[in-house]
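Where a number appears in this text, it was derived from the coordinates with a stated rule and is not lab data. Keep in mind the model is a prediction, meaning the values are calculated, not measured. Here the Cβ is made from the backbone with ideal geometry for all residues, glycine too, and neighbour counts use every protein chain on show.
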């Protein structure tokens, strides 16, 4: 198909900005990224400053070398580098030495965090036959590091409880709430049982959490070949997908309550911090949990009887999937060393020349579960190359207006430990100084994926239109938009900012990487980006996430590593150098209006669904619709859904959109007048705009999880990573807590009025020019 080039954005043109000329709309086909960049202004820059910035970025691009990324990746992934490992510390010192050599003011901040590691792992089937799970990832031919066992953690789930349990086994599909509803219809209760769940459908920590809520005494997690094994393609080393013995490690800490060190919620885990005991920490899982390979899971699943699993529950193993319970009976025994480990966060600062107390922060974590070539070191080496180029620019005499802070995090994999403790430790300073946090994680071949604060959508699009995709020659925005067009668009709670077909949307952020403490705890505007979609595989969190795998299937030429450095580097440099912070208010206000429409529709659909359910219960329709020879337990009726008063939210959303539009009009008028605001006006405007995201937070946080303060974006209580927009209201409706929903509508309306007031102050500051 023929793609249209993305037209010049209908940007909020600051008084300092060159208006994009007419005639920059859709062309007859794809164009190189540079073609678009020649005709558009830069958000937040005067025309003269924009020209200087483009020259700087061209120099920046010339300094990026894919060979350097390859060399760093090979070195840093040569040994296990998890939190607390010897090579993890070596890598921290290596990054520190690089930052220092490139001219950054460098330090390593240390935190003492709880990181349990396994002392004993036993999984065996004791009936109807005996089977001992290997719980081991063997060496693979062609994967040099797969035979390295020194300092390597075996497959396990961090923050599982200790336990020694024996019981019948029940297969619970993905182990999320709706699966337990289906089990209840089958008359199956997991109380006192051990459950086995396949990965997928939610973040892994939700699965044992929900199992424990239903009375299970143990949980086994496994990767089904339907999802990332031989069903998808050849397995490693013949292909990129998960081999039979590959295991997905990972944390099962209850991070929807709070991430970071379980023992020091809300404060940095310094050596002298006051700590909870592990027994007091609410985020530590209450039952034993263990991940296994599909080679180890197969005998367990094959030994189950009971009802045949529903069609959507059946995986790719050559067995008939049954639910149980039993006759398979398993023994699970786990014991952990509940010790503190030192997390080493490497910080490199380049002070700003004009506004040193405004910080642009750029981070990527450094720790893996084993060798971590893809996750996270593919993103880490891109950050290093980016920092190297920024340092080289600084040595020529250039200085950013704002301070740039590069951050190499430790301890992300267990629970966002390094970033969360650093943010909590420096919270007061960050609330005063941070204007943007830019995060990346793993990286590979393919399409730009980006999520973040809705006020940044036009800023991101302008950068994405000016970075060239290395395989197609069009802009990374054009390629991502083409994929979105072909695959279709959604309008659910996770769909992104944008609202225009020619604009790449920003996905709202839930959790799962190091942006979470910045955005959802402190209210610092944040972005999360990376490339992928064409480097699919099944080595996630296994010992086979190695340099050899990445060199064959990840990003063999490291072209997309350089592309990530170009993209994140431009975002960092432009935010650091912009004369006025390049935020866009109208797209954000429209997003909030859409989210509000969604929660109102959710309340309405829940009311109608409840009425239909109750009618069917009353008429005995559920029982009559099922085979009487099979066990079926009809659902109970539910209390009716009241009509919630959404008028406070509707009025606040209307005011928010009016304030955003008024700010836009003031910008347009100032541009027409041709006057440039004074430095004092710019400083006032930047202070107001920089605090807008913080005005979206509430110190008391969300119900039952005060650590999460952002009222627009949060990870779901039962999704883990997945986002919930307007979370206080949305989750109250989902949990049928109607009094809470009413209270959260009131709270959200007050928050939105607070944000609108900030927009009004920005308009007034602009008018003062």
Can you give the FRET efficiency for residue 654 and residue 277, using 1/(1 + (r/R0)^6), R0 = 30 Å, r = Cβ-Cβ distance, to the nearest 0.05? 0.05
The range 599-616 and the range 534-589: distance between their alpha carbon centers, rounded to Å: 42
What number in nm² do you get for the chain if you take the convex hull of its Cα atoms and divide its surface by four? 31.8
Relative contact order (%) - the range 117-338, alpha-carbon pairs under 8 angstrom, separation at least six: 34
I'd like the distance between the alpha-carbon centres of the range 352-385 and the range 726-752, rounded to an integer number of Å. 36
Antiparallel DSSP bridges in the range 117-338: what percent, to the nearest 5? 55
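Which whole-number percent gives the relative contact order of the chain, counting Cα pairs below 8 Å spaced six or more residues apart?
On the way: 1727 pairs, mean separation 135.1, N = 769.
Computed over the chain, the figure is 18 percent.
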From fewest to most C-beta neighbours within 10 Å, the residues 433, 333 line up as 333, 433
Fraction in percent of alpha-carbon pairs per bin - 10 Å, the range 428-574: 11, 38, 36, 14, 1
Please work out the FRET efficiency for the pair residue 593 and residue 182, using the Cβ-Cβ distance as r and a Förster radius of 35 Å; give the result to the nearest 0.05. 0.50
How far apart, in nanometres, would the label points at residue 614 and residue 136 be if each is projected 7 angstrom from Cα along the Cα-to-Cβ direction? 6.0
Measuring from label point to label point, each 7 Å out along Cα→Cβ, what is the residue 162 to residue 605 span in nm? 4.6
Distance from the Cα centre of the range 387-425 to that of the range 148-210, in angstrom? 37
Quick note on 104, 708, ordering by fewest other C-beta atoms within 10 Å, gives 104, 708
Pulled fully out, how much extra length does the chain show between residue 639 and residue 428, if you take 0.36 nm times their separation in residues and subtract their Cα-Cα distance? 71.4 nm
Can you say what percent of the DSSP beta bridges in the chain, counting only those with both residues inside, are antiparallel? Round to 5. 60
List 93, 253, 125, 186 from most exposed to least, where exposure is judged by having the fewest other Cβ atoms within 10 Å. 93, 186, 125, 253
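Using helices alone, what [θ] at 222 nm do you get for the chain, with -39,500 (n - 2.57) per DSSP H run of 4 or more residues, divided over all residues and rounded to the nearest 500? The partial results should precede the final answer.
Details: 21 runs with 270 residues, N = 769.
Only helices count here, giving -11000 deg cm²/dmol.
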Computed over the range 117-338, Cα set: Rg, Dmax in Å: 17.7, 55
